[in-house]
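Before any comments, here is the structure.
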Amino acid sequence: MMNSIVDKIKKLKIEKNAIILAHYYQNSEIQDIADYVGDSYYLSKVGFESDADVIVFCGVKFMAESAKILSPKKTVLLPNEEALCGMAVMARTNEIEKMKKEYPNAKILCYVNSSTEVKAISDVCCTSSSAMNICRNIQSDEIIFVPDKNLGSYIQEKVPEKRIVLWDGYCCIHNNITPDDVIKVKEEHGQYIEVLVHPECTKEVREMGDFIGSTGQIIEYASNSNKQEFIVATDVGILHKLRERNPNKKFYPLDMVCKNMKITTLTDVYNCLNGSLNEICIDEEVRIKAENALRKMHELG
């Protein structure tokens, strides 16, 4: 059954000149069917540079919207319309505009985990892997960072010469992990195992990390390291690529599962591609404004 649907998806891809993109947090069978697997920054770049007519984005809605913003003439499909990001809805344009009045000289930097409307009123967009460089390169000493307060506080630590005003948003998966969760895994597998932490985690958890980075950066670090065992403080979906690239190394996850990143199935991919379902449509005036923030992300990141 699974091989049959995989074959059908492959056939449809050729017929429709489609490309399938999958985030590292997707289920393993989705990653295996994808043409490209990566973090938000990488996938947004691939989608933009691709000559495909159709982009099937296996992630959450803001990712598919970002692909449509950069590639308005392409058809962008989201396999499961219920795949949303809780953090993305925490930032609201009217409240951000109020904050902007309080800090009139500040530039608005929005994390890619945000709505198209928020991107449209932002000066620049960023991902966890590009945020630090972008902060350093922005021509302003004052930055309003939305919506992730944990990533924002991490950037503030690394770029102390800038003043970063934080929005009170977060990823509930990363934000809920505590130092005790890390300690428990250390007690089970060894006190000296390196801890790899995503910057969306709280400061207390980040301080326990031997390496802090985006999903892509975590994979590169572990793959290049001489160490053989790691505790991984981000969504368990990353384990598929980590183990694929490092079959002889051991990775111990914390209890971190983004359910919205796991609801996309092979049937969803087939159905959306077969029937052109769940197409992403964006108001052109809003898209143009959001595109400016995303293009500056690629320029400054």
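The values are calculated or read from the model by the stated rules, or taken from the named source; none is laboratory data. Remember, predicted model here, so these are calculated numbers, not experimental data. Here the Cβ is made from the backbone with ideal geometry for all residues, glycine too, and neighbour counts use every protein chain on show.
Regarding the stretch 142-152, can at least one residue be identified that is in contact with an Asp or Glu (Cβ under 8 Å, 6 or more places away or on another chain) and in a strand (DSSP E or B)?
Yes, the conditions are met somewhere in the stretch 142-152.
In this structure, is residue 92 over 16 Å from the mean Cα position of the chain (by Cα) and modelled with pLDDT under 95? Step through it out loud before you land on a result.
Working: over 16 Å from the mean Cα position of the chain (by Cα): yes; modelled with pLDDT under 95: yes.
Yes; evaluated as a whole, the condition is true for this residue.
Among the residues of the stretch 2-15 satisfying the criterion of being over 15 Å from residue 74 (Cα atoms) and in contact (Cβ under 8 Å) with a residue 40 or more places away in the chain, which is surrounded by the fewest Cβ atoms within 10 Å (Cβ to Cβ)?
2
Please find, among 33, 55, the residue that is over 27 Å from residue 300 (Cα atoms) and of a type outside the set (Asp, Glu).
33
Can you tell me which condition residue 257 does not meet? The list is (1) within 29 Å of residue 180 (Cα to Cα); (2) surrounded by 20 or more Cβ atoms within 10 Å (Cβ to Cβ), and all the others hold.
Against the list (1) within 29 Å of residue 180 (Cα to Cα); (2) surrounded by 20 or more Cβ atoms within 10 Å (Cβ to Cβ), residue 257 comes up short only on (2).
Could you tell me which of the residues 34, 52, 18 is closer than 20 Å to residue 263 by Cα and either touching a residue at least 60 places away in the same chain (Cβ under 8 Å) or not assigned by TED's automatic domain parsing to the domain that holds residue 129 (or both)?
Numbers: 52 fails: closer than 20 Å to residue 263 by Cα; 18 fails: closer than 20 Å to residue 263 by Cα.
So the residue among 34, 52, 18 that is closer than 20 Å to residue 263 by Cα and either touching a residue at least 60 places away in the same chain (Cβ under 8 Å) or not assigned by TED's automatic domain parsing to the domain that holds residue 129 (or both) is 34.
Give me a count of the residues in the stretch 220-249 that are more than 30 Å from residue 8 (Cβ to Cβ), in contact (Cβ under 8 Å) with a residue 24 or more places away in the chain and among the charged types (D, E, K, R). Walk me through how you get there before you give the answer.
Initial filter on the stretch 220-249 (more than 30 Å from residue 8 (Cβ to Cβ)): 220-234, 246, 248-249.
Checking the rest, the ones that are also in contact (Cβ under 8 Å) with a residue 24 or more places away in the chain come to 221-222, 225, 227, 229-234, 246, 249.
Right, trim to among the charged types (D, E, K, R) and you get 227, 229, 249.
Qualifying residue count, the stretch 220-249: 3.
Show the residue pairs meeting these rules: Cβ distance below 8 Å; 6+ apart or different chains; first residue within the stretch 141-161 and buried (at least 21 other Cβ atoms within 10 Å of the Cβ); second residue aliphatic (A, V, I, L, M) and part of a loop (DSSP other than H, G, I, E, B).
Partner pairs satisfying both residue conditions: 143/106; 144/106; 146/91; 147/91.
State yes or no: is residue 62 under 22 Å from residue 200 (Cβ atoms), part of a strand (DSSP E or B) and of a type outside the set (A, V, I, L, M)? So that I can check it myself, show each step before the final result.
On the way: under 22 Å from residue 200 (Cβ atoms): yes; part of a strand (DSSP E or B): no; of a type outside the set (A, V, I, L, M): yes.
Taking the combined requirement at face value, the residue does not satisfy it.
To keep it simple, each residue is scored yes or no on (1) of a type in the set (Val, Ile, Thr); (2) farther than 27 Å from residue 22 by Cβ.
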residue: 160; (1), (2): no, yes
residue: 164; (1), (2): yes, yes
residue: 178; (1), (2): yes, yes
residue: 207; (1), (2): no, yes
residue: 213; (1), (2): no, no
residue: 229; (1), (2): no, no
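In the stretch 48-55, is there at least one residue being of a type in the set (Phe, Trp, Tyr) and closer than 17 Å to residue 241 by Cβ? Reasoning before the result, please.
Residues of the stretch 48-55 that are of a type in the set (Phe, Trp, Tyr), as a first pass: 48.
From what is left, the residues that are closer than 17 Å to residue 241 by Cβ are none.
Taking every residue of the stretch 48-55 in turn, none turns out to be of a type in the set (Phe, Trp, Tyr) and closer than 17 Å to residue 241 by Cβ.
I want to confirm something. Restricting to the stretch 30-59 and keeping residues that are assigned to a loop (DSSP other than H, G, I, E, B) and not polar (S, T, N, Q), which single residue is modelled with the lowest pLDDT? It would help to see each step written out before you state the result.
In the first step, residues of the stretch 30-59 are kept if they are assigned to a loop (DSSP other than H, G, I, E, B); the result is 34-35, 39, 50-53, 59.
Keeping just the survivors that are not polar (S, T, N, Q) gives 34-35, 39, 51-53, 59.
Details: 34: 97, 35: 97, 39: 84, 51: 94, 52: 96, 53: 96, 59: 96.
My answer is 39.
Can we say residue 201 is closer than 28 Å to residue 108 by Cβ, modelled with pLDDT of 95 or more and either basic (Lys, Arg) or out of contact with any His (no Cβ under 7 Å at 6 or more places or on another chain) (or both)? Can you show your working first?
Numbers: closer than 28 Å to residue 108 by Cβ: yes; modelled with pLDDT of 95 or more: yes; either basic (Lys, Arg) or out of contact with any His (no Cβ under 7 Å at 6 or more places or on another chain) (or both): no.
Spelling it out, it is not the case that residue 201 is closer than 28 Å to residue 108 by Cβ, modelled with pLDDT of 95 or more and either basic (Lys, Arg) or out of contact with any His (no Cβ under 7 Å at 6 or more places or on another chain) (or both).
Considering only the stretch 279-294, I want to know if a residue exists there that is touching a Cys at 6+ places or on another chain (Cβ under 6 Å), in contact (Cβ under 8 Å) with a residue 24 or more places away in the chain and in the same structural domain as residue 121 (by TED's automatic domain parsing).
Of all residues in the stretch 279-294, those touching a Cys at 6+ places or on another chain (Cβ under 6 Å) come to 293-294.
Checking which are in contact (Cβ under 8 Å) with a residue 24 or more places away in the chain leaves us with 293-294.
Going one step further and asking which of them are in the same structural domain as residue 121 (by TED's automatic domain parsing), we end up with 293-294.
Yes, that holds for at least one residue.
Cβ-Cβ below 7 Å, separation at least six or inter-chain, first residue in the stretch 203-219 and assigned by TED's automatic domain parsing to the domain that holds residue 251, second among the acidic types (Asp, Glu): which pairs?
Within 7 Å, the pairs are 210/194; 211/194; 214/39; 215/39; 216/39.
Residues that are under 27 Å from residue 152 (Cα atoms): list the helices (runs of 4 or more DSSP H) wholly contained in the stretch 185-289 that include at least 3 such residues.
On the way: elements: 203-206, 215-224, 238-245, 266-275.
By residue number, 203-206, 215-224, 238-245.
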